[in-house]
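Written out below as structure tokens is the structure these notes cover.
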Amino acid sequence: MSNHTDVRSSLSRRQVLTTGAFAGGALLLGARHARAQQAATQPDKDFRFKQDNPARTNQPRRQTPLPVAPGEPGNDYKPVVVPNGWTLPYKLVDGVKVFHLVAEEVDHEFAPGLNAICWGYNGGVHGPVIEAVEGDRVRIFVTNKLPAPTTVHWHGVLVPSGMDGVGGLSQRSIPPRETFMYEFTLIQHGTLMYHSHHDEMTQMGLGLTGLFVMHPRKPTTPPPDRDFAILLHEWKIDVGAARPDPNEMTDFNILTMNAKAFPGTQPLIAKLGDRVRIRIGNLSAMSHHPIHLHGYYFRITETDGGVIPQAGQWPETTVIVPVGSTRTVEFTADNPGDWAMHCHMTHHVMNQMGHGIPNMIGVNPSGFDEKVRNLLPDYMTMGHTGMHGMTEMGMAIPPNSIPMVGAIGPHDEITMGGMFTILKVRENLSDYDTDPGWYENPPETQASLATDDALERSEIAGDGSTAPKAPPAAMKSWQQAKPLRPGEEAAPASHEHGGRAGHDH
Ligand SMILES: [Cu+2]
């Protein structure tokens, strides 16, 4: 199978390259590792990474596979790009990648104007991306600077039971001010996650989550040019509140990508023709997020269970990322422009005050507004034609809150907030780290006001009177309603006052 990974052949190649290093290192690594290293020179027939189907074997999974040289960025993998985030640096100690996570309170900015005190790692929300290579041995120290015990669970990572990080079940929870050590060998590749597994509702709800990216030791496809990593989350932050409310069950009002709500989200930048991979994880409390990309279709290539065989990778424009899951999509950036990428749940592209307001659609508030302005000179009824205008009207908003939607785009306001970002694909880029600004549409590729000439040539009336109308027959309900009581007539299915219903008067 294309995703089957077996280190034996890479070991023999590496062995040629690194025999000297291994021989020197073995003295330091101690007898156990030295024995294992000796075994590496005679490939162990039993050993293989069991990423395909670890459940399908009767053999206990080998918890200490053969050591292989730690994967190096640039050589063994191309590091992921983390919009609005960062990757945790490591150091090498005796051939082991050593990481240090510190769980602590963090004053986090969700978007300009909205800060809240969250729980995160190493001064950020969410935690940094942990990035390594299949076969790497990792040692992860976790220091707890929170006021409560915590743990770290390696979500989807194939670890020995005692390294699984479930408080009480797999370990004693880490008390405040103490440091625990996790150590295991990565026997898979893919997009995994990590999060607190102690008082999950509170701790994950306050932000103690992160992505754990493992690159394949022996990639079967060339690495993408751009490899983005995004973690989805949802929060309840009452307007003006200092902290998110982790007890919320349903009414989340801040929806984030890498803990930023639009317009705080950093765009994804790609060059025309780049092969693009986007890894999306979801550790929201309650919501699955259908993430939709404009301008493209993509293939869903991986879940947190591993690589999807090519024959099973069907094309989509929206990928639903369930809670507690990751999805990886890939496509070629062959369509230049500024492309929206967002959750398609319309309440998830709204910030704070867009939720739970009264329905004013269709109400003409002008007379009412005039009367109220006698008392409150700045009064304006909001929302009677929808949410547009909320960005530009410049109304005072309460302290520590963000408008329900919006940013100023190149043409008009962008009536989006929350889980929304922009993929910017350009023919020419100075570099990937500089925002290229807004896309300049080539001539005749820009929607614009129809000219009189264009209307005339196509015999289109600007008042809509020449447009086809829905045929009444097509709009009719299929069946008449049942009589409510015996002998009572049901109401006719067609509309009496519609003027085009063909009802007999
Ligand atoms: Cu969503």
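Data table
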item	result
Options SER448, MET416, ASN428, ranked by Cα towards positive dipole end of the stretch 413-455, top entry (Cβ charges)	MET416
In order through the stretch 460-472: 3J(HN,Hα) via Karplus (6.51 cos²θ - 1.76 cosθ + 1.60), integer Hz, x for Gly, Pro	10, 8, x, 8, x, 6, 8, 7, x, 10, 4, x, x
DSSP bridge pairs, the stretch 91-335: antiparallel proportion in percent, nearest 5	75
Computed lengthening from THR466 to ASP435, 0.36 nm per intervening residue step minus Cα-Cα distance	6.8 nm
Exposure proxy order (Cβ contacts within 10 Å, fewest to most) of ARG279, ARG172	ARG172, ARG279
The stretch 91-335, dipole about Cα centre (Lys/Arg Cβ +1, Asp/Glu Cβ -1), debye to the nearest 20	580
Per-peptide average of other Cβ atoms within 10 Å, ordering 287-295, 411-419 highest first	411-419, 287-295
Most to least packed among 143-154, 104-115 [average Cβ atoms within 10 Å]	143-154, 104-115
Burial ranking of peptide ranges 223-230, 460-467, 87-94 (average Cβ count within 10 Å, highest at the top)	223-230, 87-94, 460-467
For THR301, distant residues with modelled amide H under 5 Å away	THR328, VAL329, GLU330
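Bear in mind that the values in this text are calculations on the coordinates, not laboratory data. Since the structure is predicted, the reported quantities are computational estimates derived from the model, not experimental observations. Neighbour counts are summed over all protein chains in view; Cβ atoms, including those assigned to glycine, are modelled from backbone coordinates with ideal geometry.
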